[in-house]
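Let me begin by presenting the structure, written as structure tokens, before commenting on it.
The values are calculated or read from the model by the stated rules, or taken from the named source; none is laboratory data. All values reported here derive from a predicted model rather than from experimental measurement. Virtual Cβ from ideal backbone geometry, glycine too; neighbours counted across all protein chains shown.
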Amino acid sequence: MSQKKVEEYSGPLLVLFVARNTDGALICDTLPDSTLQWLENLKEFTGKKEQSLLLYPEAGRLASLLQCRRLLLLGLGELSEAAQVDETREMLRVAGGTIASQCRQNKIETVAVCIPSFPGLDPETVGEYVTEGTLLGAYQFLKYKKKDDDAYPGLKKLELFSSSGRSKTGKAADRGRSSALAACAARDMANEPGNGWTPRHFAKYAQKIGKELQLHCTVLEKADMVKLGMGGILAVNKGSEEPPKLIVLEYNPQKNGETVLLVGKGLTFDSGGISLKPAQGMMDMKYDMCGGAAVLTAIEAIAREKLPIRVVALVPSTDNMAGGGALKPGDIITHYGGITSEIENTDAEGRLILADALAYGIEKFKPTCVIDLATLTGAVIIALGHHYSGLLSNSDVLAEKLAEAGSICGEPLWRLPLGKMYSKQLESKVADTKNTGGRPAGCITAAEYLHQFVGEVPWAHLDIAGTAWDFTEKSYIPKGPSGVGVRTLIELLRRWEQGALTGVPA
């Protein structure tokens with residue numbers, strides 16, 4: 001938070017918010033009524049949502065009022081006390097994305113935002129979600145691009161001005177920054193090519209943050225998996241050159257009466273194996289590790305914020321290739337814990353590695369609840385498109401808490417059913433289960449496969465195949481990986497209430 005007055009800011013870009021009150025008049029804390037009336041007469045800027053106008057104060061009527069080189073006006077529409085809070089949050093994130101876009105267009109590295117004090121809009125909300133949206137919208141991945149001295153280097157500094165509640169607004173902005181940077185870290189992982197992000201890289205990242213943040217990090221190697229009987233991970237890895245890894249990262253605050261287990265699919269490239277995917281679109285299968293990226297970056301943010309809840313993150317990681325020793329349709333494998341599975345389709349591999357991780361994590365850490373994230377099925381895209389992530393759970397309370405967190409973050413979840421009518425589709429004549437249930441309800445039967453490995457623990461499965469990339473187009477969501485799920489997990493655990501799931505039937 002800046003200690004200066006906004007009128008003293010002389011940097012390259014200042015952002016002011018303009019809204020309409022219930023009488024329909026334009027309102028802005030900083031601009032005089034004469035300027036607002038001039039805007040009304042101009043009729044090019046009406047203050048409606050997502051509308052923007054760029055001005056140059058030095059060359060116009062604002063030269064005596066402001067010292068900034070550029071002024072960006074952002075419309076918020078008509079404000080009222082009855083406005084939906086989640087809609088307001090999303091409006092502010094989108095406004096932040098617009099700020100980032102303007103910075104990119106004009107190659108601006110430093111921007112200042114004036115926090116308004118409008119009716120029905122508290123400074124903390126503005127500070128948190130404008131910060132979050134701006135940093136999410138400023139995201140770039142240039143690691144493999146040739147250096148260009150004329151290219152935009154990115155946003156380096158975001159400065160906030162507020163006339164009231166500076167301390168609380170600053171803390172709220174820090175929350176927005178934490179969430180955004182975690183999501184951007186997950187985007188970085190996903191943007192890496194298949195040869196640039198492998199199980200080894202997942203392990204190195206976990207070890208690095210474990211050392212930095214004093215988290216307990218364990219990496220189970222192939223030999224460990226053989227001893228433990230993790231037949232799912234081992235089976236998927238059979239066609240690969242690089243061995244698999246199961247990364248375990250533990251955050252243990254002093255008061256840790258409850259444990260939340262996070263499990264993320266870390267499939268670093270998915271060719272489909274013997275059940276080979278079509279060539280068109282296969283290059284996007286480097287994104288099949290977005291669930292693993294989400295849980296690692298979420299636990300990193302949770303540890304940095306020192307949240308008072310024990311969290312354990314597991315990432316089962318391998319690629320899925322069609323090498324000479326690859327898993328074959330018709331093979332039977334034995335998962336951790338002894339359940340046997342008939343393989344109908346080697347491209348239904350994510351559930352195989354998740355099943356081992358879920359069973360192992362639940363047995364070892366005795367969690368209060370478990371949440372897994374995975375780009376698991378194309379079926380969820382058919383059902384929900386690229387606008388909602390699929391949510392399936394054996395606990396109404398956990399499902400409601402996740403849905404609430406997703407709504408707050410602009411990462412909506414749609415709950416789908418579970419039940420014996422779906423699990424029957426997985427019955428095998430030669431094994432305890434089989435890894436596909438046919439085309440009908442493919443997203444649900446995939447979740448039912450995982451359901452067999454969680455027992456009575458409250459559990460939720462997020463199928464993010466439709467939202468991990470090609471998510472609904474927004475100013476703060478880039479083309480490619482979105483980092484979906486990261487902010488939802490962080491928000492869920494920020495709001496965690498001890499005992500909320502105690503005695504909740506699974």
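Do we have any residue at all in the stretch 219-240 that's under 25 Å from the mean Cα position of the chain (by Cα) and assigned to a loop (DSSP other than H, G, I, E, B)?
Looking through the stretch 219-240, none of the residues is under 25 Å from the mean Cα position of the chain (by Cα) and assigned to a loop (DSSP other than H, G, I, E, B).
Restricting attention to the stretch 21-34, the residues being at pLDDT 90 or above and surrounded by 13 or more Cβ atoms within 10 Å (Cβ to Cβ) number 5.
Just to be sure before I move on: is residue 107 of a type in the set (D, E, K, R), more than 18 Å from residue 172 (Cα to Cα) and without any contact (Cβ under 8 Å) to a residue 24 or more places away in the chain in the structure I sent? No. Against the list (1) touching a Ser or Thr at 6+ places or on another chain (Cβ under 6 Å); (2) surrounded by fewer than 22 Cβ atoms within 10 Å (Cβ to Cβ); (3) closer than 30 Å to residue 478 by Cβ; (4) not aromatic (Phe, Trp, Tyr), the condition residue 192 fails is (1). Taking (1) farther than 19 Å from residue 100 by Cβ; (2) more than 21 Å from the chain's Cα centre (by Cα); (3) at pLDDT 95 or above in turn, residue 162 satisfies each apart from (3).
In the set 356, 319, which member is closer than 25 Å to residue 227 by Cα, charged (D, E, K, R) and in a strand (DSSP E or B)?
Residue meeting the stated conditions: 319.
If you go through the stretch 277-316 and keep only what is in contact (Cβ under 8 Å) with a residue 60 or more places away in the chain, assigned to a loop (DSSP other than H, G, I, E, B) and under 24 Å from residue 240 (Cα atoms), you end up with just 277.
Go through the stretch 2-59 and count every residue that is closer than 28 Å to residue 80 by Cβ, of a type in the set (D, E, K, R) and either outside the structural domain of residue 116 (by TED's automatic domain parsing) or not in a helix (DSSP H, G or I) (or both).
Step one: filter the stretch 2-59 for residues closer than 28 Å to residue 80 by Cβ, giving 6, 14-55.
Those left that are additionally of a type in the set (D, E, K, R): 20, 23, 29, 33, 40, 43-44, 48-50.
This time we only want the ones that are either outside the structural domain of residue 116 (by TED's automatic domain parsing) or not in a helix (DSSP H, G or I) (or both), so: 20, 23, 29, 43-44, 48-50.
Adding up the residues that qualify gives 8.
Test residue 440 against the stated conditions and say whether it is assigned by TED's automatic domain parsing to the domain that holds residue 283 and at pLDDT below 95. So residue 440 fails the test. Could you list, in sequence order, all residues of the stretch 116-138 that are hydroxyl-bearing (Ser, Thr, Tyr) and surrounded by fewer than 24 Cβ atoms within 10 Å (Cβ to Cβ)? Listed by number, the residues that qualify are 117, 125.
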